[in-house]
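Data first, discussion second: the structure below is written as structure tokens.
None of the figures in this text is laboratory data; all of them are computed from the coordinates on show. This is a predicted model, so every value here is computed, not measured. Don't worry about glycine lacking a Cβ; one is built from the backbone with ideal geometry, like all the others, and counts go over all protein chains shown.
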Amino acid sequence: MPTPHQIIVRPLITEKNTILMESNQYSFEVLREASKPEIKRAIETIFSVTVTRVNTLNVRGKMRRRGRESGYTKDWKKAIVTLAAGDRIEIFES
């Protein structure tokens, strides 16, 4: 079983995710094999917050070209985590 730091690959900081933060939702790239309960436990362990909801989606890789060569970027999994009222993750605030 992977550790919490292995489950959460990286936080996603985009314009859309910044708007979601106002409604107490945060986005992360997570391990493709991770389930919603594992993601919830990992976020609660790492950031010491209370998670009320976890939504996940699989993001398909995009086609990319380099000259004549073409290929796809890797597929990955995204998790949108809703926190309890009053909880915040400080890493996003800076």
*Pull out the extension gain between THR82 and SER70, defined as 0.36 nm times the separation in residues minus the alpha carbon to alpha carbon distance; nm, one decimal.*
0.6 nm
*Tabulate in residue order the Karplus-calculated ³J(HN,Hα) for segment 8-25, using 6.51 cos²θ - 1.76 cosθ + 1.60 with θ = phi - 60°, rounded to whole Hz; enter x for Gly and Pro.*
8, 6, 6, x, 9, 10, 10, 5, 5, 5, 5, 5, 5, 4, 5, 9, 6, 10
*asked:* Can you give me the Kirkwood hydrodynamic radius for the chain, using every pair of distinct Cα atoms, in Å to one decimal?
replied: 14.2
*Relative to the longest principal axis of the C-alpha atoms of the chain, give the angle of the C-alpha long axis of helix 36-47, reported between 0 and 90° and rounded to the nearest 10°.*
70
*For segment 56-69, 3J(HN,Hα) per residue [Karplus equation, 6.51 cos²θ - 1.76 cosθ + 1.60, θ = phi - 60°, Hz, x = Gly/Pro]*: 10, 8, 8, 9, 7, x, 9, 6, 10, 10, 10, x, 7, 7
*May I have the count of lysine pairs in the chain with C-alpha atoms under 20 Å apart, counting pairs 8 or more residues apart or located on different chains?*
10
_From the phi angles alone, apply the Karplus equation (6.51, -1.76, 1.60; θ = phi - 60°) to segment 70-76 and give each ³J(HN,Hα) in whole Hz, x where the residue is Gly or Pro._
10, x, 10, 6, 6, 6, 8
*Show me 67-77, 38-48 ranked by packing, highest mean number of other Cβ atoms within 10 Å first.*
38-48, 67-77
*Near the amide H of THR52, under 5 Å away, which other amide H atoms are found, from residues 5 or more places off or on another chain, if H is placed in the peptide plane?*
THR82, LEU83, ALA84
